[in-house]
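K.L.:
Take this structure first; my questions come after.
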Amino acid sequence: MMRELMLPLSGEDIASLKAYDQVFVTGSLYVGRDQVHKRLYELLQQERSLPISLEGETMYYMGPSPAPQGKLIGSCGPTTSARMDPFSPLLLDHGLKVMIGKGPRSKEVASAIRRNKAVYLQAFGGCGALYASTVKAVTTVAFPDLGPEALLRLVVEKFPVIVAIDSQLGSVFPQ
């Protein structure tokens, strides 16, 4: 089924998504990779405040590339999600609802998805230029010392993904 949804996704939206659904998302999402996840995780472990609220938010695991002159962003395809697995359950427990990346997730992440009524969406590898064309705004939100891997906020329009793991643990991955 092909759907168009607005971010942030509501609980009803998440509950209605099933593995293999094709979705276009529009709205605001965060971009964070390994080092951003590690820092957010450490802040939570230390019971310190985060630079953003995770409540109901979407996190995209994006491989950055420099923006060509006159463009908002360079190629911005997904990176391997498994690298975020050690940190994702805690982030989900603190309100994160949607993760976008590529590749399978650990059993611990799948359990946290179900426990938190969240969803994992898969972006398509090799489509960085397509994803860049959906980006309407880019803002550095935190950890600017990480350079292109800082915590970013993107506004996207009709960003194509598929539901890889739904809130009931339906999955496109062999189990």
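The numbers here are math on the coordinates, done by the rules we state, and not lab data. Source: prediction; values computed, not measured. Here Cβ is always computed from backbone atoms with ideal geometry, including for glycine, and neighbour counts include all displayed protein chains.
K.L.:
Find the residue count for segment 99-109, including only residues that are touching a residue at least 40 places away in the same chain (Cβ under 8 Å) and assigned to a loop (DSSP other than H, G, I, E, B).
P.N.:
Of the residues in that region, 2 qualify.
K.L.:
Give just the number: which of (1) in contact with a strand residue (DSSP E or B) (Cβ under 8 Å, 6 or more places away or on another chain); (2) loosely packed, with under 15 Cβ neighbours inside 10 Å; (3) charged (D, E, K, R) does residue 153 not satisfy?
P.N.:
Single failed check for residue 153: (2).
K.L.:
Kindly indicate the residue of segment 81-94 that is farther than 10 Å from residue 37 by Cβ and over 13 Å from the mean Cα position of the chain (by Cα) and also surrounded by the most Cβ atoms within 10 Å (Cβ to Cβ) among those meeting that condition.
P.N.:
Checking each candidate, the answer is 89.
K.L.:
Please go through segment 110-126 and pick out each residue that is small (Gly, Ala, Ser), surrounded by fewer than 19 Cβ atoms within 10 Å (Cβ to Cβ) and part of a loop (DSSP other than H, G, I, E, B).
P.N.:
Within segment 110-126, 125, 126 meet the criteria.
K.L.:
Just to be sure before I move on: is residue 72 under 20 Å from residue 157 (Cβ atoms) and not aromatic (Phe, Trp, Tyr) in the structure I sent?
P.N.:
Yes.
K.L.:
When you scan segment 9-97 for helices (runs of 4 or more DSSP H) that lie fully inside it, which ones turn up with 3 or more residues that are more than 13 Å from residue 120 (Cβ to Cβ)?
P.N.:
Hits in segment 9-97: 11-16, 34-45.
K.L.:
Just to be sure I understand, how many residues within segment 127-175 are under 14 Å from residue 74 (Cα atoms) and in a loop (DSSP other than H, G, I, E, B)?
P.N.:
Residues meeting the conditions: 1.
K.L.:
Going through segment 15-69 one residue at a time, which ones are touching an Asp or Glu at 6+ places or on another chain (Cβ under 6 Å), crowded, with 16+ Cβ neighbours inside 10 Å and among the basic types (Lys, Arg)?
P.N.:
Hit for segment 15-69 is 33, nothing else.
K.L.:
Scanning segment 3-14 for residues that are among the charged types (D, E, K, R) and surrounded by fewer than 18 Cβ atoms within 10 Å (Cβ to Cβ), which turns out farthest from residue 27 (Cα to Cα)?
P.N.:
Looking at residues that are among the charged types (D, E, K, R) and surrounded by fewer than 18 Cβ atoms within 10 Å (Cβ to Cβ), I get 12.
K.L.:
May I pose another question? Scan segment 129-156 for residues that are closer than 15 Å to residue 100 by Cα and either in contact with a helix residue (DSSP H, G or I) (Cβ under 7 Å, 6 or more places away or on another chain) or polar (S, T, N, Q) (or both) and jot them down.
P.N.:
Those that are closer than 15 Å to residue 100 by Cα and either in contact with a helix residue (DSSP H, G or I) (Cβ under 7 Å, 6 or more places away or on another chain) or polar (S, T, N, Q) (or both): 134, 151, 156.
K.L.:
Looking at 26, 80, which one is touching a Ser or Thr at 6+ places or on another chain (Cβ under 9 Å), touching a residue at least 12 places away in the same chain (Cβ under 8 Å) and closer than 20 Å to residue 131 by Cβ? Even if it seems obvious, please write down each step before you answer.
P.N.:
Values: 80 fails: touching a Ser or Thr at 6+ places or on another chain (Cβ under 9 Å).
None of the others qualify; the one that does is 26.
K.L.:
Kindly indicate which of 102, 107 is crowded, with 16+ Cβ neighbours inside 10 Å, basic (Lys, Arg) and either under 15 Å from the mean Cα position of the chain (by Cα) or more than 17 Å from residue 31 (Cβ to Cβ) (or both). Write out each step before concluding.
P.N.:
Details: 107 fails: crowded, with 16+ Cβ neighbours inside 10 Å.
Criteria check complete, one pass: 102.
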